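Written out below as structure tokens is the structure these notes cover.
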């Protein structure tokens, strides 16, 4: 089972546990999945304008749909990675505090975005996510490496992977801010950019101290 399928399964489980039926980057080499097919803006090639999809209406457009459908599994992987660290012993307190914060923030956002998609009568997950803009995702080997790492090594790997993961989320959020129509979705895009950029700064500082 590849990372995309596993992440979608995790997203589904998270959404179900939150009372919703729906599916819910590595900064170093070798752990991120190249998913932009050469496009400078990965989501742009998969985001037709408003009116080009029967699911879009006056309150949202295809960009909003794509943003939610891709950010749900992206968030789900961040929650998974945070859970891996929180299950370990001898992790620096600053790293576990950050993992707790990420998990607490992103799980409710999965619920929120799943609710939007249900309200828009579109699937909570696309069938062809692979290769369509989910930048920053960590591949199977990277997740396995995180699972097997211990102590400070695990903390460093988590921070390196999560920095790239956050950078991918910021990229998708910025595209939603530029192309989205739903006020709620655009607002979430701004919140993701602000929160995750601040966390990237925090993670880089923490990484330098380990």
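Some values worked out for this structure:
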| quantity | calculated |
| --- | --- |
| Options 173, 169, 124, 155: the member that is more than 13 Å from the chain's Cα centre (by Cα) and modelled with pLDDT of 95 or more | 155 |
| Filter result for residue 95 (within 23 Å of residue 199 (Cβ to Cβ) and modelled with pLDDT of 95 or more) | yes |
| For residue 201: the one exception among (1) over 15 Å from the mean Cα position of the chain (by Cα); (2) crowded, with 21+ Cβ neighbours inside 10 Å | (2) |
| Qualifying positions in segment 133-180 - surrounded by fewer than 19 Cβ atoms within 10 Å (Cβ to Cβ) and assigned to a loop (DSSP other than H, G, I, E, B) | 139, 149, 150 |
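Here's the yes/no breakdown for (1) part of a loop (DSSP other than H, G, I, E, B); (2) at pLDDT below 95; (3) closer than 27 Å to residue 155 by Cβ:
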| residue | (1), (2), (3) |
| --- | --- |
| 52 | yes, yes, no |
| 65 | no, no, no |
| 71 | no, no, yes |
| 75 | no, no, yes |
| 79 | no, no, yes |
| 82 | no, no, yes |
| 89 | yes, yes, yes |
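The values are calculated or read from the model by the stated rules, or taken from the named source; none is laboratory data. These numbers were taken from a predicted model, which means no experiment stands behind them. Glycine also receives a Cβ, built like all others from the backbone with ideal geometry; neighbour counts cover every protein chain displayed.
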